Amino acid sequence: MKKTLFALLALSLATSLAQAQETKVAIGMSGWTGFAPLTLAKEAGLFKKHGLDVDIKKIPQKDRHLAIASGDIQCAATTVETWVVWNANGIPTTQIFQLDKSYGADGMVVKNNIARISDLKGKTVAASAPGTAPYFTLAWMLQKNGLSVKDVKVVNLEPQAAANAMIAGTAGIDAAMTYEPYLGAVREKPEAGKIIATTLDYPMIMDTFGCTPKFLAENPKAAKALADGYFDALDMIKNDPKKSYEIMGADVKQTGEKFEASAKYLRWQDRAANQKFFGSEHAQFSNEAAGLLMEAGIIKSLPDMGKLADTRFIK
């Protein structure tokens, strides 16, 4: 009896010590399909296995930098060009690993009477606020077709609301910028509109994960654990896809099958892909994106482009 009691006390003490050693970190993200392995890493205990106590907060992209500035979160998931915007606007943040690349998961939906992107001149487009991925995607696609955001009227709607507006046939909205899983809902309603362009046509949406320089300086082991937990989640998706898709789908109120279908339009990036991406592509794209952000008036000056990423944690 004494031995049993001692064993239970020892187990309780070990558990308490393990919990005490866990590093707390709050992450800001959205329900975007590309971010879902972060949810999987949390829900499947993969972050916990690496000594992390992770709190995931669903925060619209337009507000995520404010949560970082306030200290409400220490890390976030967002698109590569958004980190340029945040740093240019005085919110120091550093990317530490790549999450995904969009292969048709982000797109522009238009009413059926719009034949080409250039026909949008003078029309109304629903998109998130300046400084977000949908707004940047709009600016990028317009520029590639001889227009700019000044040639259209932008109504600020978040991706889900923008997709719903198209599906509902909302008067006065000619086009919308959205992404999976909401883009998939539009695919199922061809009478509501058509997908005129995606990141298959314009490969420019890439998501990364980053934290404040303060968090990275004070918690380098936790930063490595975040990257390792993410890569473990990708391994779980590969080894146990059914369970993985069910967990990730549940977070956005989808079945595993529905979620898996939306994931076909992107590629999650493993450790090897990360190392290749940060080898050269990241800097090249960041510089091109910064030029467009300056032209669109989203940023007034360039941040220190050499401090946008720290590749120590993907090795």
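No lab work stands behind these numbers, since they all come straight from the coordinates. All figures in this text were calculated on a predicted structure; none of them were measured in a lab. Virtual Cβ from ideal backbone geometry, glycine too; neighbours counted across all protein chains shown.
Odds and ends about this structure:
- A protection proxy built from the mean count of other Cβ atoms within 10 Å ranks the segments 65-78, 234-247, most packed first, as 65-78, 234-247.
- In sequence order, calculated HN-Hα J values of segment 157-169 (Karplus, 6.51, -1.76, 1.60; Hz; x Gly/Pro): 9, 5, x, 5, 5, 5, 5, 5, 5, 5, 4, 7, x
- On the basis of the beta-carbon distance and an R0 of 51 Å, residue 221 and residue 144 show a calculated FRET efficiency of 0.75.
- For the chain, built as a Gaussian network whose Cα springs stay under 10 Å, the top-fluctuating residue of 110, 155, 85: 155
- Within segment 144-297, the ratio Rg/Rh, alpha carbon atoms throughout and Rh by Kirkwood, equals 1.00.
- Between residue 123 and residue 153, the simple spin-label model (points 7 angstrom out along Cα→Cβ) gives 1.4 nm.
- Kirkwood analysis of the Cα pair distances in segment 106-198 returns a hydrodynamic radius of 12.5 Å.
- Degrees separating the helix 241-251 axis from the principal Cα axis of the chain, which is the longest one: 70 degrees
- Proximity of backbone amide H atoms, modeled 1.01 Å from N, is registered between residue 103 and 266, 267 at under 5 Å, excluding neighbours fewer than 5 places apart on the same chain.
- Per residue convex hull volume, Cα atoms of the chain, in Å³: 138 Å³
- For the chain, the antiparallel share of DSSP beta bridges with both residues in that region comes to about 60%.
- Within the listed set 166, 294, 248, the residue fluctuating most in the Gaussian network model of the chain (springs between alpha-carbon atoms under 10 angstrom) is 294.
- Per-residue Karplus couplings for segment 296-313, computed as 6.51 cos²θ - 1.76 cosθ + 1.60 with θ equal to phi - 60°, are listed in order as 7, x, 6, 10, 9, 8, 7, x, 6, 5, x, 10, 6, 9, 10, 8, 4, 8 Hz, Gly and Pro entered as x.
- At q = 0.14, 0.21 Å⁻¹, base-10 log of I(q)/I(0) for segment 17-113 (Debye sum, equal scatterers on each alpha carbon): -0.60, -1.15
- Ranked packing of 37-47, 112-122, 177-187, 54-64, most packed first, by mean Cβ within 10 Å: 177-187, 37-47, 54-64, 112-122
- A cut-off of 5 Å between modelled amide H atoms, ignoring neighbours fewer than 5 places along the same chain, links residue 73 with 68.
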